[in-house]
Every structure is written in C-alpha cells, then in structure tokens.
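Trainee: One structure, pasted below without further comment.
The values are calculated or read from the model by the stated rules, or taken from the named source; none is laboratory data. Remember, predicted model here, so these are calculated numbers, not experimental data. Methodologically, a virtual Cβ is constructed for each residue, glycine included, from the backbone with ideal geometry; neighbour enumeration extends over all protein chains shown. For the accessible areas, the whole protein counts, side chains as well, though only heavy atoms, and no ligand, DNA or RNA atoms are used. Shrake-Rupley method; radii C 1.70, N 1.55, O 1.52, S 1.80 Å.
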Amino acid sequence: MNSDFLWLSRIQFLKSKLANFGSLVRFSHTVFALPFALASVALAWPRHPVTARGLFWILVAMVGARTGAMGFNRLADRKFDALNPRTKNWELPQGKVTLAEAVSLTTLASAIFIFAAYELNWICFLLSPLALGIVFFYSLTKRFTWASHLFLGLALAIAPIGAWLAVARPPFEIAELQVPCYLGLAVVFWLAGFDIIYSLQDREFDRKIGLHSIPVRFGVAGALKLSGLFHFGTVLFLAFVGIAAQMGIFYWLGFLAVALVLVWEHRIVKPTDLSRINKAFFNLNAYVSLGYLLFTVADVLLLSNNGIGG
C-alpha cells in the first residue's frame, strides 16, 4: 500500500513539474510561431518534396528553439518579473521552477534544436547557432531600445525562413528565397504589432524600472498607431508572398480573413479602453496564424491536384 502511494506521489510530482515547465515557457503560445513555419513548408512543397522525416525534425527544431528562447527570456528577466505585479506569481519568482531547473531546461532545449538542425541539412546546422543567438538576444533588447518588439518579431521570423530552408535544401535558386523572406517580414511586423498591444499592460512598470518599449516611448495612443502601421506591413508582405508564390483563390481568401482579423484587433483595443488586451493578444492572433496556415495549405493542395505546382 505504501509502495503504491509512493508511486502515485511521484507521478503527481512529475505531472506538476511538467505543468510548471510548460507554463514557464508558455508552451500554449507555440500556436503563434508553428503555423507560420508549417505554412512556409507548404509554400516550399510545390518545388521541393516534403518527407515525414523532414517534417518531424522541423517540429522538433521549432519546439526546441522556442523552449530555449522562452527559458532564456525567463532567466534574463527573472528579477524584473519578481517586481512586476503582473508577473510576480510566475514560476521562477515563486520558486515553482528553480534557477537550476530553468538553466537545465534552456540548455537541453537549445541542444535539441541544434541536433534537429543537424538532422535536417548542413545549412540549417551551420545557421543554428546564429538562430539561437538572435532569439536569445531579444530578451536583452528592452534594456536599451524601444524597438525591442521588432527584435522579437525577428526572432519569430526565423521559424518560417528556417522551415523553408529545411525543406528546400541547397542548391536552390536564390530567387526562390523571396517567398520565405516576404513571409518572414510579414511575421516580423505581425509579432511586433501585437507585442506592442500586449506590452501596454506593463507601460507604467517599465517606465518606473527603466525598461524600454514603444508604449513607454510614444504613449498609449502613439503605440497603438505604430501597432496598426506594423500590421499594415504584415498585410502588405503577405500579399507579396501570394504574388511571388503565384497563389490561388484559397490563399487570397485567407489573406482577406487575416486582414479583417487584424482590423478587428485594432477596433477592440483603444487608448481609452485596454480591457480586451488579452483577447486581442491570444485569441485573435491565434486565428491569424492558424487561419493563414489552413488557407495556404488548402491552396497548395488545390494547385497540386490541378497539376500546377509539380
């Protein structure tokens, strides 16, 4: 009886620890980056074969890179998070995850990412340290520049560009790079735009503690205007993707849906009413990424069935 109780206790502890790790790195927010990486795979597919093995290692690389990046972010910001009323109950400030555990998780996830890149192809492997450097560097930028949101966008943009390189494999025509680069730029401005909205919650804290952000630098109204401008950039570059990749009707229907959701996002968050920031941050942007993926895949499958993208 005592043995059974001991095993149940260990299992419960393990479940609790895994839940804390998942919460530490906000695993549910993978919904933001992963769909754009998979959409990039779909865009590469008409010219480059996609294997189950390749797709598996792309998913492993994505999870590893994102987990490593979020772990590093929590480590770098742990002192600020402990002081911020919004974040003081997070896992590291509360001790639910120890400093040593967070370091171990970040190191392991980074190693998994590099190994997955090695399994994909040599160019992904050679670029993997640079990719990690970029995603880690973002966490430091809020200390010295209000453009930190754009650095976060750049960190996320690595996902679709890296996924395309994993599928395409060299040698390939340099002209082909315009599609993943346009998609990467769309992601830069999309992420920066909604991160500005999200960071409105911390504007006063950041200002007092000496951290930099667009809301601190330009105020609430100015930040929302810049967020809207960035999201216009997202729409523009998604249009460039559609033109460069010669996409069909389903892609453009998805493009229209994404544009409408972004307009809706800016209608529900106003300088005089910030109560729906979390809805704008998570719900609507999840619709953007998942919707874009579904419509892009549908369009690629339609072109494939018509014998256009062989």
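Trainee: What residue, of T98, T106, T87, is closer than 19 Å to K142 by Cβ, at pLDDT below 90 and β-branched (V, I, T)?
Mentor: T87
This table checks each residue for (1) over 30 Å from W57 (Cα atoms); (2) free of Cβ contacts under 8 Å to residues at least 12 places away in the same chain; (3) in a helix (DSSP H, G or I); (4) in contact with an Asp or Glu (Cβ under 7 Å, 6 or more places away or on another chain).
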site: V179; (1), (2), (3), (4): no, no, yes, no
site: Y198; (1), (2), (3), (4): yes, no, yes, no
site: R203; (1), (2), (3), (4): yes, no, yes, no
site: K208; (1), (2), (3), (4): yes, yes, yes, no
site: L226; (1), (2), (3), (4): yes, no, yes, no
site: T234; (1), (2), (3), (4): no, no, yes, no
site: R267; (1), (2), (3), (4): yes, yes, yes, no
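Trainee: Looking at the structure I just gave you, is A131 under 29 Å from S199 (Cβ atoms) and modelled with pLDDT of 95 or more?
Mentor: On the way: under 29 Å from S199 (Cβ atoms): yes; modelled with pLDDT of 95 or more: yes.
Yes; evaluated as a whole, the condition is true for this residue.
Trainee: To continue, here is another question. Just to verify a result, which residue in segment 156-182, among those that are within 19 Å of the chain's Cα centre (by Cα) and open to solvent by 40 Å² or more (accessible area, probe 1.4 Å), is nearest to A239 (Cα to Cα)?
Mentor: Y182
Trainee: Being over 27 Å from I277 (Cα atoms), open to solvent by less than 50 Å² (accessible area, probe 1.4 Å) and either outside any helix (DSSP H, G or I) or touching a strand residue (DSSP E or B) at 6+ places or on another chain (Cβ under 8 Å) (or both) is the filter here; which residues of segment 85-105 pass it?
Mentor: Selection gives G95, V97.
Trainee: Here's another thing I want to ask about it. Please find, within segment 114-146, the residue that is most open to solvent (accessible area, probe 1.4 Å) out of those that are in contact (Cβ under 8 Å) with a residue 60 or more places away in the chain and outside any helix (DSSP H, G or I).
Mentor: This residue is F144.
Trainee: What about W146, is it aromatic (F, W, Y) and touching a His at 6+ places or on another chain (Cβ under 6 Å)? So that I can check it myself, show each step before the final result.
Mentor: Details: aromatic (F, W, Y): yes; touching a His at 6+ places or on another chain (Cβ under 6 Å): yes.
Yes: the conditions hold for W146.
Trainee: Taking the condition of being open to solvent by 40 Å² or more (accessible area, probe 1.4 Å) and part of a loop (DSSP other than H, G, I, E, B), how many residues in segment 29-84 meet it?
Mentor: Count: 5.
Trainee: Can you tell me which residues in segment 198-210 are surrounded by 16 or more Cβ atoms within 10 Å (Cβ to Cβ) and either out of contact with any helix residue (DSSP H, G or I) (no Cβ under 7 Å at 6 or more places or on another chain) or more than 24 Å from S139 (Cα to Cα) (or both)?
Mentor: Filtering segment 198-210 down to residues surrounded by 16 or more Cβ atoms within 10 Å (Cβ to Cβ) leaves 198-203, 205-206.
The answer is D202, F205.
Trainee: May I ask you to list the residues in segment 230-244 that are open to solvent by less than 20 Å² (accessible area, probe 1.4 Å) and β-branched (V, I, T)?
Mentor: Correct list: T234, V241.
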